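The values are calculated or read from the model by the stated rules, or taken from the named source; none is laboratory data. It should be emphasised that the depicted structure is a prediction, and the values quoted were computed from it without experimental measurement. Quick reminder, even Gly has a Cβ in these numbers, built from the backbone with ideal geometry, and neighbours come from all protein chains shown.
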Amino acid sequence: MRGEQVTLDQLRRFGLKLAQPAHGYRFSLDPLLLADFVICNENARIIDLGTGSGIIPLILCRRFQQTTAVGLDSNPDMAAIARENAASNGLAERIEMIAADVISARALFPVSSFDTVMANPPFRTANSGKISPKAGRDAARHETTAGLADFLSAAKYLVKPSGRICFVHHPDRLAEFIHTAAELKLSLLRLRMVHGTLAAPARIFLAELAKGRRSASTVLPPLIIYDNNGEYTPEARSILGDES
């Protein structure tokens, strides 16, 4: 694989084998939680912005047997790995992986091309937080060419008026997320905070937006990942299975 060292990992719940860079960006629990949070029709056409190794399109094409998907990633090496993951899991005919930046979405697709748009964008602004010494990880954690507003704007352009936009992001940027979505006339439909433990502050949030329709916002009960013994809670276990 392009001379880059990779590992082969399994997502047993979905029967997936996933190649990932051994020392670059590797998926965390966040995309697993986002893939579970998404609601879409069985035959939906979906796109994942910043797909990494392609984990979200792969999971959703396992969850929904007639779904077709596109994964977009600005890193050509990651897009190549994602493409190989789709092929090795027998999903190459249903998933297209494209090496392109989010800001080029308008040049790649007609407006309102997708039923569902998902994004697990970098949580940190440029030059904030810790910088990873490992190649590939910093670009996945810190905004480079595309910021949160760019991801939201692209999502609005790509989704159908009747469709859904689902994001996972960091609570530090919740106010910015809601404000930017409102400026783009995107309605917040669902919001769920995710906590490591019941006593811990939220570590991420999951949000669903829509364009072209007004709706009351629903704040869902929090999702707690670990119980007091450090084991997965029943709900987390049902989402994550045996994955760590």
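Take region 192-244 and flag every residue that is assigned to a strand (DSSP E or B) and among the hydroxyl-bearing types (Ser, Thr, Tyr).
Kept after step one, since they are assigned to a strand (DSSP E or B), are these residues of region 192-244: 192-195, 202-211, 218-219, 223-224, 226, 232.
Hits for region 192-244 are Thr218, Tyr226, Tyr232.
Only one of the listed residues (Arg173, Arg203, Arg190) is of a type in the set (D, E, K, R), surrounded by 15 or more Cβ atoms within 10 Å (Cβ to Cβ) and in contact with an Asp or Glu (Cβ under 6 Å, 6 or more places away or on another chain). That residue is Arg190. Being out of contact with any strand residue (DSSP E or B) (no Cβ under 7 Å at 6 or more places or on another chain), modelled with pLDDT of 95 or more and among the small types (Gly, Ala, Ser): is that true of Ala107 here? Spelling it out, Ala107 is indeed out of contact with any strand residue (DSSP E or B) (no Cβ under 7 Å at 6 or more places or on another chain), modelled with pLDDT of 95 or more and among the small types (Gly, Ala, Ser).
Answer yes or no as to whether Ile81 is more than 22 Å from Phe37 (Cα to Cα), without any contact (Cβ under 8 Å) to a residue 40 or more places away in the chain and crowded, with 16+ Cβ neighbours inside 10 Å. Reasoning before the result, please.
On the way: more than 22 Å from Phe37 (Cα to Cα): yes; without any contact (Cβ under 8 Å) to a residue 40 or more places away in the chain: no; crowded, with 16+ Cβ neighbours inside 10 Å: yes.
Answer is no for this residue.
Within region 142-162, if we keep just the residues that are out of contact with any helix residue (DSSP H, G or I) (no Cβ under 9 Å at 6 or more places or on another chain), at pLDDT below 95 and surrounded by 18 or more Cβ atoms within 10 Å (Cβ to Cβ), the residue that is nearest to Pro201 (Cα to Cα) turns out to be His142.
For Ile39, the conditions (1) at pLDDT below 95; (2) within 29 Å of Ser153 (Cβ to Cβ); (3) outside any loop (DSSP other than H, G, I, E, B); (4) aliphatic (A, V, I, L, M) all hold with the exception of (3).
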